[in-house]
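A short write-up of the structure that comes next.
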Amino acid sequence: MTIEELKGKMQEAVKVFQDTGDMSGIQAVSKEMDKAKSELAKQEAVRLQKEAETLAGAREELAIKVHDAVKELKLDKELKAVKAWGFAYKVDKANPDELDIIYKSVNLTTRQVKKAKAGAGGVARGKSKDEYGISLGEIFNQFATDEDKKKYAAAASNSGQWQVKVAVKKRALDAGLLQPIK
């Protein structure tokens, strides 16, 4: 059964539902549509596989032509000069999923550079430690009032506790009790 036939059946089932309130027809057609979707997806996969097999030889020949053209243009030497060993070229408006895309360059294949990480172990130094010479926890311990300590104890999460500590730090800064290190 084709999608158009199923759409027609669904329209009929919707009319019956509107007239009688009976949804059984809609549910039955929905099940048929689900089965049809699965079958259509299988058919499309088979079609694409056959197409790929048919084009395999021509694609291999084209790949060889592209490789030869890169060598002839001496792009392989230029790629090596920038420590790249290949590239991905995409044809403008050729991707069926993105027909309006225009590419302005190619992607060079290079080594992935990993970001340097802070040393493992030891105490992590935060902004407070760097700016004021003492950690946020130490600032809290030094400047917190009894009310601040109650709020901290009542905080339901780490985020809530952090907010209480930051409020104490802000109050200490505003009062001039906490000075940046120079």
- Can you give the Kirkwood hydrodynamic radius of the chain from its Cα pairs, in Å with one decimal? 25.6 Å
- Note on the structure: Footprinting proxy, Phe17, Phe140: sorted fewest to most Cβ within 10 Å, the residues are Phe17, Phe140
- Task: Give the distance, in whole Å, between the Cα centre of segment 1-30 and the Cα centre of segment 71-100.
- Result: 51 Å
- Rounded to whole Hz, the Karplus (6.51, -1.76, 1.60) HN-Hα couplings of segment 14-25, x for glycine and proline: 5, 4, 4, 4, 5, 7, 10, x, 7, 8, 4, x
- Message: Quick check on segment 127-174: what does the Kirkwood estimate of hydrodynamic radius come out to from the alpha carbon pairs, in Å?
- Response: 10.7 Å
- Can you give the angle from 0 to 90° between the axis of helix 158-174 and the longest principal axis of the chain, with both taken from C-alpha atoms, to the nearest 10? 50 degrees
- Message: So if I place +1 on the C-beta of Lys and Arg and -1 on the C-beta of Asp and Glu, and nothing else carries charge, what would the dipole magnitude of segment 20-134 be about its Cα centre? I want it in debye, nearest 20.
- Response: 1020 debye
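Bear in mind that the values in this text are calculations on the coordinates, not laboratory data. Not measured: the values here are computed from a predicted model. Reconstructed Cβ throughout: ideal geometry from the backbone, glycine too, with neighbour counts over all protein chains shown.
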